[in-house]
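Structure, as structure tokens:
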Amino acid sequence: MSSIWDIINIPMGYVIRFCNDLVGNQYLFALLIFALIVEVLTLPFGIKQQKNSIKQAKMRPKEMAIRKKYAGREDNATKQKMSTEIQEMYQKEGFNPMGGCLPMLIQFPIIIALYNIVMNPLKYICRLSTDAINGIMAVVKSYSEYADVTFNAERNIDLMSAMKKIIETDGVEAFSGVEGFADSISSVADIPNLSMFGGAINLADTPSFTVFNWLLLIPVLTFVAYFFSMKINRKLMYQPSQNDAAMGCSNKVMDYAMPLMSVFITFGVPAALGVYWIFKCILGVIKQAVLALTMPLPKFTEEELKAAEKEYSIKEAKNPARASSGKKVRSLHHIDDEDYETPSPAVPAPKTENKPEEAADEKKDAEEKSEETNKLINQAPLKEDKPRRKSKKEKSEKENDDKN
């Protein structure tokens, strides 16, 4: 696995060595120059990402028209159909939503390679062989103050710091017996200077809560740089329309989760990596601002939105009062309906036109039913009329007649 990573580590080690020599063996500024070189080399991918965003911004009216077409329908079948229609529109326009992910993916191998270079500077920056590194370890452990210290030949940043202190006191002659040492290191100036502010901060050290010093500024500055770079880049870059409340909540969580994750990482690696990440965030914002000025995102007009709605056959509800009342429209069995107005139950649905044979059969059945109904009516006995209720006057006259 190490041989595979050497394909990236060795060229990057030469670049960092060049940057270090360029700024007079000041590793802090060498990291700044290296971060600038990385941003310049990845600029074509940034331009491609900006063009991708411009293309997506031009499709914004069509996407909004599709979302409006299915507005108010919350069932899964409708959401799936809406997503499918948006994806089909993207394919028709030749747009790839994943096209802007490449610049982000490129950063990961660069960070991993830089970690290997920072942790193994004797190999990738000083260009010493494995045998020479093992010889240096033997010399360093011969000193009493380092006799009980455990060093790792593959992670030799601590070994380099100890070697530098020995050279500062005893000179490079202390390592004269190491084969190949003099070819790469002739003085202390050939060793990367990882100190900052007169030795107050050593970029080879790892920040820790147990040791309170200026090195704790690195995680804090990493969080600030990452947090605000995400906020600013989101304003400069195109953001697709999201009507899902959960998506908005997810973005807010990511705004804090990612910077906090970077802080967690800085407490487990040398401070040099945290410094590089700070530089990368700052330069990334500057690069995105330049791209936004030179390649601005288009803004659509109301006419373009209406044209997109017409293209996707968006119809307004027939009843404006119902449309503004906020009532939900049909969804499950009426996904493709463009008329959102539900028909009144009192009004019968229009009959479909039948074929001539079917119409003749229906007419014949109706006539037969009519004849049967008439027969039943004729055969039914006539109901006798109820006797009329006599009035009081009639009753009194009848009683008088009976008396007479």
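Values in this text are rule-based calculations from the coordinates and carry no lab data. As the structure is a computational prediction, the values presented were derived from the model and not from experiment. All Cβ positions, even for glycine, are placed from backbone atoms using ideal geometry, and neighbour counts span all protein chains on display.
Annotation note: GluC sites (Glu not before Pro) in region 37-101 located in DSSP loop regions with a Cβ neighbour count of at most 13 within 10 Å are Glu74. Between Ile201 and Met196, the built amide H atoms are under 5 Å apart, and every one of these is 5 or more places off in sequence or on another chain. What is the percent of Cα-Cα separations in region 1-61 that go past 14 Å? Roughly 68 percent, rounded to a whole number. Label sites at Lys58 and Asp170, each approximated as a point 7 angstrom past Cα along Cα to Cβ, lie 6.9 nm apart. Charging the Cβ of each Asp and Glu at -1 and of each Lys and Arg at +1, and nothing else, the dipole of region 1-134 about its Cα centre rounds to 800 debye.
If r is the Cβ-Cβ distance from Met237 to Asn152 and R0 is 41 Å, what FRET efficiency results, to the nearest 0.05? The pair Met237/Asn152 has a calculated efficiency of 0.50. Here r is the Cβ-Cβ distance between Trp214 and Ala71 and R0 is 51 Å; the resulting FRET efficiency, rounded to 0.05, is 0.40. Modelled spin-label separation between Glu367 and Lys141, with each label point placed 7 Å from Cα along the Cα-to-Cβ direction: 11.5 nm. Projecting label points 7 angstrom from Cα along Cα→Cβ for Glu302 and Glu179 puts them 8.3 nm apart.
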